[in-house]
Amino acid sequence: MKITRVEAIPFAIPYRKPLRFASGEVHSAEHVLVRVHTDDGLVGVAEAPPRPFTYGETQASIVAVLRDVFTPEVLGLSPWEREVVHARLGRTVGNPAAKAAVDMALWDIIGKAAGRSVTELLGGYTDHMRVAHMVGFASPEQMVDEAQRVRTEYGITTFKVKVGRRPATVDVAACRALREALGDDVELYVDGNRGWTASESARALRAMDDLGLTLAEELCPADDVLGRRWLVQRCPIPFVADESATRPGEVTRELLAGSATAISIKTARTGFSTSQRVLFQCEGLGVEVVIGNQVDGQIGTLCGAAFGAAHRLTAQRAGELSNFLDMSDDLLTEPVRITGGTVRVRDEPGLGIEIDPDKLAHYRQD
Ligand code: MUC
Ligand code: MG
């Protein structure tokens, strides 16, 4: 089986309401659908969500790098030769979402060829993931309303609250309002997307000490090297590295330097192959991991769920798998459903993704 063609199709689907956080905001899912074709007719599918404010990739850059740089490197290879694909794509620095989409589409093909789901191939630990919902910036009342609606409609009881605004008292008030409204049974954790300094972060953590937060993510920049290390040493809960530790080397550096004590794994930027490397690295070091969300659509959500459910360590805590709820539509013939606070992985071969041709025709931008 040989790779014969790679399609990179830009599409845009508006959000019902924008998601706002310290490093940016998302109003429309301007993603790239990646389809890898093979000579025996199997096609692998994945989605690349650019986050220009974090990694510098844009929809146009992903289409261009796939067309001009990565596709010529993989044409003629077998989808089973994943290490060769990685060695070739890895020569280019950066472009994580473009590389990850190629990797996940190859796993989709491998699953279809083997007649097994990607979750089974990766580890087969379970068939579902508990879901954590990300609550973006708004007034405390609006944030509470959203969390209550999501709990009632989808049974979700874990919430990641975006923080990192100034003054930090705004976020402290929002977290307090969420705890008071939702009670002690929900899990709350915070993600600052590098919005605060180390001292602002320390002050905010002290002010929220009684709220029972479980994780603190990227409260200040990792490049504030000594300040961040100082903060992490004082942080009473695991401090998650997300955008500061996206590759195995960065994970090692951040953890060994004492700049993080937990790691967010996002299949949108490390695919399945590198996500697995990061996961096993964290497992060996005894560090907690979270399945994060790069503001994925439903295709990306299925990828995150497939990976999370495959492994014990990722399945034991809720994964951030609900951002697609803010989108007005998606591309799948069979939409992703969250019920009882969980999402089930598809047991069809590969990722179980079928694209609705009419929806794709409607939303594609090329
Ligand atoms: C997160 O965990 O930071 C925001 C930007 C991005 O790339 O992911 C989201 C959520
Ligand atoms: Mg984050």
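Structure summary
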read-out	value
Matching option when the condition is within 20 Å of Phe272 (Cβ to Cβ) and out of contact with any helix residue (DSSP H, G or I) (no Cβ under 8 Å at 6 or more places or on another chain), among Thr92, Thr71	Thr71
Residue satisfying condition, being outside the structural domain of Met327 (by TED's automatic domain parsing), more than 22 Å from Val336 (Cα to Cα), among the aliphatic types (A, V, I, L, M) and touching a Phe, Trp or Tyr at 6+ places or on another chain (Cβ under 6 Å), within set Leu42, Leu89, Leu77, Leu66	Leu89
Single unsatisfied condition, Thr71 versus (1) open to solvent by less than 40 Å² (accessible area, probe 1.4 Å); (2) part of a loop (DSSP other than H, G, I, E, B)	(2)
Filter result for Arg228 (more than 15 Å from ligand 1 (Cβ to nearest atom), surrounded by 19 or more Cβ atoms within 10 Å (Cβ to Cβ), among the charged types (D, E, K, R) and assigned by TED's automatic domain parsing to the domain that holds Ile265)	yes
Single match in Thr246, Thr252 (criterion: among the hydroxyl-bearing types (Ser, Thr, Tyr) and in a loop (DSSP other than H, G, I, E, B))	Thr246
The one condition in (1) touching a Pro at 6+ places or on another chain (Cβ under 7 Å); (2) farther than 18 Å from Thr270 by Cβ that Arg344 fails to fulfil	(1)
Single match in Thr197, Thr214 (criterion: farther than 14 Å from Val290 by Cβ, open to solvent by 10 Å² or more (accessible area, probe 1.4 Å) and either within 16 Å of ligand 1 (Cβ to nearest atom) or touching an Asp or Glu at 6+ places or on another chain (Cβ under 9 Å) (or both))	Thr197
Residues satisfying the stated conditions in the range 102-114, i.e. open to solvent by 10 Å² or more (accessible area, probe 1.4 Å) and either under 19 Å from the mean Cα position of the chain (by Cα) or more than 20 Å from Ile3 (Cβ to Cβ) (or both)	Trp107
Residue in the range 160-172 that is surrounded by 22 or more Cβ atoms within 10 Å (Cβ to Cβ) and part of a helix (DSSP H, G or I) present	yes
Residue count for the range 193-220, restricted to those that are out of contact with any Phe, Trp or Tyr (no Cβ under 9 Å at 6 or more places or on another chain) and assigned to a loop (DSSP other than H, G, I, E, B)	5
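The values are calculated or read from the model by the stated rules, or taken from the named source; none is laboratory data. Since this is a predicted model, take the numbers as computed values, not measurements. Using ideal geometry, Cβ is built from the backbone for each residue, glycine included, and neighbour counts are taken over all protein chains shown. Accessible surface is based on the protein model in full, side chains and every heavy atom, while ligands, DNA and RNA are left aside. Shrake-Rupley method; radii C 1.70, N 1.55, O 1.52, S 1.80 Å.
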